Amino acid sequence: MKTKVSAREGWFDANPERPRLIGSRCRSCRSYFFPQEAFACRNPSCGSSELEDVPLSATGTLWSYTDNHYQPPAPYVSPDPFVPYAIAAVELADEQMVVLGQVANGVATADLKVGMRMDLVAETLYADDATEYLVWKWTPAASSERADRSRP
């Protein structure tokens, strides 16, 4: 059995049962950031440097979407041949911030509608002999029961 890890350490808890994005929250103004911020609060009216790592909402509302037909450059690892995919901008339920991500395998742009509820899932980006490298993706909430695509 292969070990499953986040393809981008520190951005994503790759637990296939409950994947979560990892962000930062300012302890002073309570603003959220993704990806994590380690230096100072990005809120121009705050200026605090006291930040904490926090798990972000695993659900949200589809804010916008598109399809990508261009292969991203390295270090992104694409299947060969490249397979186009949908990209979603999802407003997180609790933090009210928009996070981009690929849409889960098998979900086409024709399946998406602005305003629909979305769930975060983990899927394998690539694998070697010992490890599967997972990334977060968005899937329509009604189909999230079939969401753990990281399993064989």
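The values are calculated or read from the model by the stated rules, or taken from the named source; none is laboratory data. Because the structure is a prediction, the values reported are computed rather than measured. Heads up, the Cβs are rebuilt from the backbone with ideal geometry, glycines too, and the neighbour counts pull from every protein chain shown. Remember, those area values only see protein heavy atoms, side chains included, never the ligands or the DNA or RNA. Shrake-Rupley method; radii C 1.70, N 1.55, O 1.52, S 1.80 Å.
If you filter the stretch 126-144 down to residues that are part of a strand (DSSP E or B) and out of contact with any Lys or Arg (no Cβ under 9 Å at 6 or more places or on another chain), you find that the one that is farthest from P19 (Cα to Cα) is Y126.
Please work out if S28 is without any contact (Cβ under 8 Å) to a residue 60 or more places away in the chain, among the small types (G, A, S), in contact with a strand residue (DSSP E or B) (Cβ under 7 Å, 6 or more places away or on another chain) and part of a loop (DSSP other than H, G, I, E, B). Judged against the criteria, S28 is not a match.
Please pick out the residue among E91, E123 that is touching a residue at least 24 places away in the same chain (Cβ under 8 Å) and either at positive phi or open to solvent by 40 Å² or more (accessible area, probe 1.4 Å) (or both). The unique qualifying residue is E91.
The residue of the stretch 120-143 that is modelled with the highest pLDDT, among those that are closer than 16 Å to Y76 by Cβ and in contact with an Asp or Glu (Cβ under 6 Å, 6 or more places away or on another chain), is K137.
Screening G106 on (1) of a type outside the set (D, E, K, R); (2) at pLDDT below 95; (3) surrounded by 14 or more Cβ atoms within 10 Å (Cβ to Cβ) shows it passes everything except condition (3). Taken over the stretch 101-124, the criterion of being out of contact with any Ser or Thr (no Cβ under 9 Å at 6 or more places or on another chain), within 16 Å of N68 (Cβ to Cβ) and of a type outside the set (S, T, N, Q) is satisfied by G101, A108, A110, L112. Just give me the residues in the stretch 1-37 being modelled with pLDDT under 95, more than 15 Å from L125 (Cα to Cα) and among the polar types (S, T, N, Q), in sequence order. Correct list: Q36 only. When C46 is tested against the conditions (1) within 18 Å of A93 (Cα to Cα); (2) out of contact with any helix residue (DSSP H, G or I) (no Cβ under 7 Å at 6 or more places or on another chain), the lone failure is (1). The lone criterion from (1) among the β-branched types (V, I, T); (2) loosely packed, with under 15 Cβ neighbours inside 10 Å; (3) at pLDDT 95 or above left unmet by V77 is number (3). For the stretch 1-25, enumerate the residues that are surrounded by 17 or more Cβ atoms within 10 Å (Cβ to Cβ) and assigned to a strand (DSSP E or B). Matches in the stretch 1-25: K4, S6, F12, D13, R20, L21, I22, G23, S24, R25. Answer yes if at least one residue in the stretch 45-59 is part of a strand (DSSP E or B), among the hydroxyl-bearing types (S, T, Y) and modelled with pLDDT of 95 or more, and no otherwise. Yes; the residues of the stretch 45-59 include at least one that is part of a strand (DSSP E or B), among the hydroxyl-bearing types (S, T, Y) and modelled with pLDDT of 95 or more. Pairs linking a residue in the stretch 62-84 that is closer than 19 Å to T124 by Cα to a residue that is open to solvent by 80 Å² or more (accessible area, probe 1.4 Å), with Cβ atoms under 6 Å and 6 or more positions apart or on different chains, are S78/Q71; F82/Q71; P84/H69.
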